[in-house]
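Quick notes on the structure that follows.
The values are calculated or read from the model by the stated rules, or taken from the named source; none is laboratory data. Because the structure is predicted, anything quoted here is derived from the model rather than measured. Reconstructed Cβ throughout: ideal geometry from the backbone, glycine too, with neighbour counts over all protein chains shown. Heavy atoms of the whole protein, side chains included, go into the accessibility calculation; ligands, DNA and RNA do not. Shrake-Rupley method; radii C 1.70, N 1.55, O 1.52, S 1.80 Å.
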Amino acid sequence: MEQRNELLVCAGLTKTYGGTKALDNLNLTLGGGRFVGLLGPNGSGKTTLIKLINGLIQPTSGTVQVDGQVPGVHTHSVISYLPDRGYLNDWMRVSDLMDFFADFYADFDRVKANDMLQSLHISALDRLKTLSKGTKEKVQLILTMSRKAKLYLLDEPIAGVDPAARDYILNTILYNYSEDASVLLSTHLIADIERVLDEVIFLKNGVMTLHESVDTIREEHGKSVDMLFREVFAC
Amino acid sequence: MLKLLKYEWKACARVFLPLYGVVLLMSVINALMTTDSAQNFMNGIPSVILALLFVALLVAVFVVTVVILIQRFYQNLLGDEGYLMFTLPVTVAQHILSKMIVAVAVCLLSGLVALVSIAIIGADTNLIFGIGMMLNEFGKAIAADPNGLGYMIEGILLLLVSLASGVLFIYLCMALGHLAKKHRVLMSVVWYFVLSTAAQFLFTFVMFGTMSGPMETLMTALGSALNGMPQQVLLHGVLIGFCVATAIPGAICYFVTHYILKNRLNLE
């Protein structure tokens, strides 16, 4: 029997593109209530892993289960996903998008979304076409974090926004996920997020080289995650 | 499902409603230009230009219908927007069917708008009177022979089924193209030509098959058996037979597309 606290289980997960292995035999179990950093240099398989968990790409071999089920209608309803790209069409207004999310996701909190929009000075009546790239990313993040999901998958949520907004967004992420939910956040900007992480996963050329809690790293290695990362992935 | 339909309709209506509006407006303007004084104005150059514009618009409606049908499926599901659509808690079947239903509706509307706009240009009292007469006769015919209504329903059903099958065929080509690692758009086009040629070949083959050899005797036997049947029954049979014959390839396209999107989805 699978245990109650196993939110995400990857077993032997492998994905090859042509001849190259983007992800190689990954075994990973995540429980609830954890803030996990998925760290690795560009092309190490971070996005591949997140897309596999979402069912947007299919594994070459191995399985992925979220909340006890393979990717499908149920997993989509418990995962709140922020992709590494814009997935919004240009012609909608921000308010149309909120209608869209409210229609499809029962856990979408419109009041929360409106509050966040206001604090970032984004008008709900703006058309997405008129928004800058960074603002669009903020809108997507707000929509993602306004859901009360079990698992948040955030692919590079802070890479595209200015450092001033970064702190606000991190705090937004931190204060908007419920206690039993988990966040899996991929990034290479480690210093910015280190303070909020419970666990880290290091990916190198599609292989998981480390999965430990941040406290253990500090105790055993006697250094910060950022320093360890620079050591492990030194060129 | 209803929600998907709602957003799909919104996305299409945004393009089509203004286009339909312009077409109908142009047909009204053209209709006004048919008066003698307007025809002779500036040697009739403006009226000719307007007429040409109208024809161009009709062609545009046809082209835009096909383009939007393809674009809604490709961009919304297989492009970047797929990241949003395929992470919604809905089934793949709901995605395909909602797109198909709206696409069929848009095809019907485009055809209807084209007919109405042409009717507006040709409209005079005789035509309106004529249409009234026709509808009246039609009503009488249906009242006299209930089979008429049946034929009509079967005809409409046949139209819907063939439109749906056509749309699903195009979806299948895009889904097959999506299986390629590179050049997915090009591969979709290649699949389109390969499959439509194959379908034509198959059709011809079946046709020849029924007209020669052992099939011929079977068909003759079938023909003589049907000869005894009343004409009405025969016509119903033919219409329903056509419906089924068109629905089968459509259903195959649907199931293959569904399998690909469910089990072989690989968004770039």
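No solvent, one uniform scatterer per C-alpha: report log10 I(q)/I(0) for the protein assembly as shown via the Debye equation at q = 0.06, 0.13 1/Å, two decimals.
These q points yield log10 I(q)/I(0) values of -0.42, -1.27.
Compute the signed sum of charges (Lys and Arg +1, Asp and Glu -1) over the other residues within less than 12 Å, Cβ to Cβ, of A:D99.
Around A:D99, the surrounding residues sum to +3.
Which of the listed residues, A:I142, A:L153, A:G45, is farthest toward the dipole's positive end in segment A:34-156, when Lys, Arg count +1 and Asp, Glu count -1 at the beta-carbon?
A:G45
Identify all lysines with a Cα-Cα distance to B:K181 below 22 Å; exclude those on the same chain that are fewer than 8 residues away in sequence.
Cross-link targets: A:K15, A:K21, A:K46, A:K51, B:K262.
Inside 10 Å of the C-beta atoms of A:65-72, what's the mean count of C-beta atoms belonging to other chains?
Mean shielding by partner chains, rounded to a whole number: 1.
Return the average number of partner chain Cβ atoms within 10 angstrom of each residue Cβ along peptide A:94-107.
Taking all residues of A:94-107 together, the mean is 2.
What number, in percent, do you get for the relative contact order of chain A if the mean sequence gap of Cα pairs under 8 Å and at least 6 apart is divided by its residue count?
Value for chain A: 26 percent.
Mind pulling up the Rg/Rh value for chain B? Radius of gyration and Kirkwood radius, both on Cα.
Taking Rh as the inverse mean 1/r over Cα pairs, Rg/Rh reads 1.05.
Return the lysines within reach of B:K3: Cα separation strictly under 20 angstrom, same-chain partners fewer than 8 residues apart disregarded; answer none if there are no such residues.
Those lysines meeting the cut-off are B:K99.
Ballpark to the nearest 100 Å², how much total accessible area do A and B bury together, probe 1.4 Å?
When A and B are taken together, about 2500 Å² of accessible area is lost.
For segment A:144-149, in order, what is each residue's ³J(HN,Hα) by Karplus, 6.51 cos²θ - 1.76 cosθ + 1.60 with θ = phi - 60°, in whole Hz (x at glycine and Pro)?
Calculated HN-Hα couplings, in order: 5, 7, 7, 9, 9, 8 Hz.
Rounded to the nearest 0.05, what FRET efficiency is calculated for A:S213 and B:T35 with R0 set to 60 Å and r the Cβ-Cβ distance?
FRET efficiency, A:S213 to B:T35: 0.10.
Note down the relative contact order for segment A:91-219 as a percent, whole number, built from C-alpha pairs under 8 angstrom at least six residues apart.
19 percent
Please list 3J(HN,Hα) in residue order for segment B:261-268, calculated via the Karplus relation 6.51 cos²θ - 1.76 cosθ + 1.60 where θ = phi - 60°; whole Hz, with x for glycine and proline.
Computed from phi, the couplings for segment B:261-268 are 5, 7, 10, 10, 5, 9, 6, 5 Hz.
Let me have the relative contact order for segment A:170-232, percent, based on Cα pairs under 8 Å that are six or more residues apart.
Over segment A:170-232, the number comes to 22 percent.
Quick one: what are the phi-derived ³J(HN,Hα) couplings along segment B:151-168, Karplus 6.51/-1.76/1.60 with θ = phi - 60°, whole Hz, x for glycine and proline?
The phi angles translate into 4, 4, 4, 5, x, 4, 4, 4, 4, 4, 5, 5, 4, 4, 4, x, 4, 5 Hz.
For B:L135 and B:M219, compute 0.36 nm times the residue count separating them, minus their Cα-Cα distance, and round to one decimal in nm.
26.4 nm
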